[in-house]
Amino acid sequence: MKEEFVREYMKSNVVTVSRNTVLREVTRIMTDNNVGSVIVVDNGKPIGIITERDVVRAIGKGRSLDVKAEEIMTASLITIKEDSPITGALSLMRTYNIRHLPVIDHDGNLRGIISIRDIARAIDDILEG
């Protein structure tokens with residue numbers, strides 16, 4: 001069975017925001033780019049993620065649309081290295097019950113993002129052989 005790697009299936013054009021981007025702008029960026037999450041970066045390194053669920057939670061708790069990304073992001077960011085096997089990405093997603101993994105290089109710089117949908121495509125390729 002052929003080994004598939006994260007870098008082969010990740011999307012490299014990651015939609016990012018800075019820690020100071022306000023919620024109003026975050027939602028506009030998500031809408032304009034038709035994505036369900038954005039990665040919060042600081043000096044090119046991922047420090048958090050904001051998903052649709054985080055946006056709903058913030059609004060549901062009465063947070064202002066001017067609240068900064070760093071205040072509503074999920075900061076316990078699980079990442080994966082670009083040269084990791086697809087099976088490793090799937091294992092992390094199952095363990096942490098997440099659907100998106102920021103992909104980093106060996107220096108911790110953001111290289112891409114891989115979603116559960118990308119992994120499904122990889123598994124399909126593996127099974128087709």
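The values are calculated or read from the model by the stated rules, or taken from the named source; none is laboratory data. Please read these numbers as outputs of a predicted model, since none were measured by experiment. Glycine also receives a Cβ, built like all others from the backbone with ideal geometry; neighbour counts cover every protein chain displayed.
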- Task: Name the single residue, out of those in segment 9-23 being at pLDDT 95 or above and outside any loop (DSSP other than H, G, I, E, B), that is nearest to the chain's Cα centre (by Cα).
- Result: Thr16
- Message: Taking the conditions exactly as written (in a helix (DSSP H, G or I), without any contact (Cβ under 8 Å) to a residue 12 or more places away in the chain and more than 16 Å from Asp105 (Cβ to Cβ)), does Val26 satisfy them or not?
- Response: no
- Candidates Asp83, Asp107, Asp66, filtered to the one that is of a type outside the set (S, T, N, Q), exposed (fewer than 14 other Cβ atoms within 10 Å of the Cβ) and farther than 22 Å from Asp42 by Cβ: Asp83
- Query: Filtering segment 86-104 down to residues that are of a type in the set (Val, Ile, Thr) and within 16 Å of the chain's Cα centre (by Cα), which residue is surrounded by the fewest Cβ atoms within 10 Å (Cβ to Cβ)?
  - Reply: Thr95
- Query: Among helices (runs of 4 or more DSSP H) lying entirely in segment 68-129, which contain 3 or more residues that are touching a Phe, Trp or Tyr at 6+ places or on another chain (Cβ under 7 Å)?
  - Reply: 116-128
